[in-house]
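Asker: Following this message is one structure expressed as structure tokens.
The values are calculated or read from the model by the stated rules, or taken from the named source; none is laboratory data. Bear in mind that the values here come from a model prediction, so they are computed numbers and not experimental data. Note: ideal-geometry Cβ built from the backbone for every residue, glycine included; neighbour counts use all protein chains shown.
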Amino acid sequence: MNERALPAHLTPERMPNYWQVFVTFARNSLVRDMTFRANFIIESLSTITWTLMDLGFYLLIFQFTQSIGPGWGKYEFFAFLATTKFVNAIVQAFFMPNCEEISELIRTGGLDFALLKPIDTQFLVSLRKIDWSALSHALVGAILVIVSLWHLTTRDTEPLLWWQVASALPLYVFYVACGSAILYSLMIGLAATSIWLGQNRSLYDFWFYITNFSRYPMEIYDGAWGLPLRYVCLYVVPVLVVVNVPARILAQPLYPEPSVGVPLALFAIVATAGCLVISRLVFQRALRSYRSASS
Amino acid sequence: MYARLSTWWTILSISLQERFVYRGDFALGTLMRFLPIVTQIFLWSAVFSAVQQKRIVGYSYEDFVAYYLLTMISRAFSSMPGLASQIGYQIRSGDIKKYLTQPVDMIGFFLLGRIAHKLAYYTVATAPFALVFFLCRGFFPGWPDATTLAAFIASLVLSFLLGFFLEACMGLVGFWFLEVSSLLFVYMLLSFFLSGHMFPLDMLPPTARQIVLLLPLHYLAYFPAAVFLGKVQGMDLVWGLSLQVAWTIFFALLSRVLFKLGLKRYGGYGG
């Protein structure tokens, strides 16, 4: 609550320490989560069970086929699935609980309080609450990725080499962060539109439908209808970059040929930066149209 | 008799009016709900181009797509969004008292409400459904014969009733548990997997498939779709439909019993 005591006109040395504020948010959320411990455990378990079901479905599919799309065999695909889980963990733990509340803040006029705080509003409304139970996605992802990499490095034909995996790891982490940032940008952009629309109940639905396209390797979008869809989801709303780029770097570093992979990886950086900037502009633009609900 | 009919009619028409308030949202929501099928289409197309086979467990690529589209119809009949939690909430909050003091049967009231909901839904949803099915007509082998079509419609109507009574039972357990959300969660999970919403149940290993086909959940999505595609025929069809009738009756009776027993436990205090 220290930040409330700060004067409205800040001198540079009195700028809030964002990291400390974030840590405080995280701690507060953890305290709250631990207060309702049974709920926390149930939510974590439910996440894990959903994942297991997902896994069951793909295990069934791989009973009948060797691959989903060129180059995505069983364990490559499971590494892909694990990547989805990591991105989900980050987005659902840090951003989802907050973005869901933005429309509520706008409807009730609660955004006034956020605007008055001597801290960046977008930061405040984006990270106030952290859902720790969503991190169970990451737990499942970790197990899945370890098992997949084990199989990929020990298989008989063209095994991945450990140095390949090890050197891909920093890039992997970086691109998972990029992917999460892209999804965050989309989410905060959508949430900000509720300032104009008054309410945005279908945010969650829309979110589900958009991310649904990011859940599969982009090679499956093929043919007369698939290719245009692939390009839209790559270059217009870059949801296909989110999981595809990191998963590809980790699970199939040499496939397809680097001439395709490297530009794609470079594009992912541009896309991330672009999404962050555009969503920031949208958010600020929307804030300017905000009229408090209470007065 | 007349009085009862007119009560029912009033309940039905009130619910209908309630539902029509959000018709725009309805139509758009319905269309959006087909979007996940787009990814399924591409997923299966990728699988089929990888296996170089015409059929997987007797389903061609077109069959798979048609199956997913048809389960949308099954779900449009069998899904009862919020029914169980609604009943659970009324038990917990004490709202249920109004059914005890008024000459209205609670389960019947809810059933009429849901029928109204579905009728309103179909009126608005027919257009988006027709559009999607017209666009996807290439995935279908053509109209099935009259017997199959009749069985399909019968199984849909039954799946509505089965879905209703199943969820109602789930909610009525609230008399004992008060909070049913965790139970609902397990149910949702099982039904997503075992109803065939996620994949044609024929993909399961033979023993698992046989067991799942004895359970009531597969009638909520798999069965009507499989009937339409001609996957269930002859004696299997007769047996399948009879079992569906049996499950429906079972859960209808169970909901009565749970309601009776629950009322004995129930204590309502205050205004």
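Asker: Of these, A:Phe77, A:Phe94, A:Phe64, which one is farther than 28 Å from A:Tyr175 by Cβ, at pLDDT 85 or above and touching a helix residue (DSSP H, G or I) at 6+ places or on another chain (Cβ under 8 Å)?
Answerer: On the way: A:Phe77 fails: farther than 28 Å from A:Tyr175 by Cβ; A:Phe94 fails: farther than 28 Å from A:Tyr175 by Cβ.
Just a single option satisfies the conditions, and that option is A:Phe64.
Asker: For the stretch B:251-270, does any single residue satisfy the condition of being part of a helix (DSSP H, G or I), surrounded by 15 or more Cβ atoms within 10 Å (Cβ to Cβ), within 19 Å of the chain's Cα centre (by Cα) and without any contact (Cβ under 8 Å) to a residue 40 or more places away in the chain?
Answerer: Within the stretch B:251-270, not a single residue is part of a helix (DSSP H, G or I), surrounded by 15 or more Cβ atoms within 10 Å (Cβ to Cβ), within 19 Å of the chain's Cα centre (by Cα) and without any contact (Cβ under 8 Å) to a residue 40 or more places away in the chain.
Asker: Which members of the stretch A:213-240 meet the condition of being under 21 Å from the mean Cα position of the chain (by Cα) and β-branched (Val, Ile, Thr)?
Answerer: Scanning the stretch A:213-240 gives A:Val232, A:Val236, A:Val237, A:Val239.
Asker: Which ones in the stretch A:34-61 are away from chain B (no Cβ under 13 Å) and charged (D, E, K, R)?
Answerer: A:Arg37
Asker: Another question about this same structure. Does any residue of the stretch A:193-208 turn out to be surrounded by 15 or more Cβ atoms within 10 Å (Cβ to Cβ), closer than 23 Å to B:Thr39 by Cα and modelled with pLDDT of 85 or more?
Answerer: The answer is no, given that none of the residues of the stretch A:193-208 is surrounded by 15 or more Cβ atoms within 10 Å (Cβ to Cβ), closer than 23 Å to B:Thr39 by Cα and modelled with pLDDT of 85 or more.
Asker: While we're on this one: Would it be correct to say that A:Thr84 is modelled with pLDDT of 90 or more and within 14 Å of chain B (Cβ to nearest Cβ)?
Answerer: So A:Thr84 passes the test.
Asker: While we're looking at this one, here's another question. Under the condition of being among the hydrophobic types (A, V, I, L, M, F, W, C) and touching a residue at least 12 places away in the same chain (Cβ under 8 Å), which residue from the stretch A:28-40 is surrounded by the fewest Cβ atoms within 10 Å (Cβ to Cβ)?
Answerer: Within the stretch A:28-40, the match that is surrounded by the fewest Cβ atoms within 10 Å (Cβ to Cβ) is A:Leu30.
Asker: Let me ask something additional. Just checking, how many residues over the stretch B:45-60 are more than 7 Å from chain A (Cβ to nearest Cβ), in contact with a strand residue (DSSP E or B) (Cβ under 9 Å, 6 or more places away or on another chain) and either buried (at least 16 other Cβ atoms within 10 Å of the Cβ) or touching a residue at least 60 places away in the same chain (Cβ under 8 Å) (or both)?
Answerer: Adding up the residues that qualify gives 1.
Asker: So which of B:Ser74, B:Ser85 ends up being modelled with pLDDT of 85 or more, under 24 Å from B:Leu156 (Cβ atoms) and either more than 14 Å from chain A (Cβ to nearest Cβ) or not in a helix (DSSP H, G or I) (or both)? Talk me through it step by step, then tell me what you get.
Answerer: On the way: B:Ser85 fails: under 24 Å from B:Leu156 (Cβ atoms).
Matching residue, one of B:Ser74, B:Ser85: B:Ser74.
Asker: Listed residues A:Tyr216, A:Tyr175; which is within 14 Å of chain B (Cβ to nearest Cβ) and buried (at least 22 other Cβ atoms within 10 Å of the Cβ)? Steps first, please.
Answerer: Details: A:Tyr175 fails: within 14 Å of chain B (Cβ to nearest Cβ).
Criteria check complete, one pass: A:Tyr216.
Asker: Would you confirm, using the coordinates I've provided, whether B:Phe129 is part of a helix (DSSP H, G or I) and surrounded by fewer than 17 Cβ atoms within 10 Å (Cβ to Cβ)?
Answerer: no
Asker: Suppose we filter B:Gly234, B:Gly174 for residues that are modelled with pLDDT under 90 and surrounded by 22 or more Cβ atoms within 10 Å (Cβ to Cβ); which single one remains?
Answerer: Working: B:Gly234 fails: surrounded by 22 or more Cβ atoms within 10 Å (Cβ to Cβ).
Answer to the check: B:Gly174.
Asker: Go through (1) within 19 Å of B:Leu166 (Cβ to Cβ); (2) more than 14 Å from chain A (Cβ to nearest Cβ); (3) free of Cβ contacts under 8 Å to residues at least 40 places away in the same chain for B:Lys98 and report which single condition fails.
Answerer: Answer for B:Lys98: the failing condition is (1).
Asker: Identify, from the list A:Val31, A:Val21, the residue that is touching an Asp or Glu at 6+ places or on another chain (Cβ under 8 Å) and either more than 14 Å from every other protein chain (Cβ to nearest Cβ) or of a type outside the set (D, E, K, R) (or both). Break it down into steps so the answer makes sense when it comes.
Answerer: Working: A:Val31 fails: touching an Asp or Glu at 6+ places or on another chain (Cβ under 8 Å).
The match here is A:Val21.
Asker: Within the stretch A:62-73, which residues are free of Cβ contacts under 8 Å to residues at least 24 places away in the same chain, surrounded by fewer than 18 Cβ atoms within 10 Å (Cβ to Cβ) and facing chain B (nearest Cβ under 9 Å)?
Answerer: A:Gln63, A:Phe64, A:Gln66
Asker: Name, by its number, the condition in (1) within 21 Å of B:Phe192 (Cβ to Cβ); (2) touching a Lys or Arg at 6+ places or on another chain (Cβ under 8 Å); (3) among the charged types (D, E, K, R) that does not hold for A:Lys117.
Answerer: (1)
Asker: Could you say which residue among B:Ala66, B:Ala3, B:Ala116 is in a helix (DSSP H, G or I) and within 26 Å of A:Gly69 (Cα to Cα)?
Answerer: Among B:Ala66, B:Ala3, B:Ala116, only B:Ala66 is in a helix (DSSP H, G or I) and within 26 Å of A:Gly69 (Cα to Cα).
Asker: Within the stretch B:116-130, how many residues turn out to be touching a Leu at 6+ places or on another chain (Cβ under 7 Å) and either over 15 Å from B:Ile73 (Cβ atoms) or of a type in the set (Val, Ile, Thr) (or both)? Break it down into steps so the answer makes sense when it comes.
Answerer: Initially, the stretch B:116-130 is screened for residues touching a Leu at 6+ places or on another chain (Cβ under 7 Å), giving B:116, B:119-120, B:128.
Among the residues that remain, those that are also either over 15 Å from B:Ile73 (Cβ atoms) or of a type in the set (Val, Ile, Thr) (or both) are: B:116, B:119-120.
Residues that pass the stated criteria total 3.
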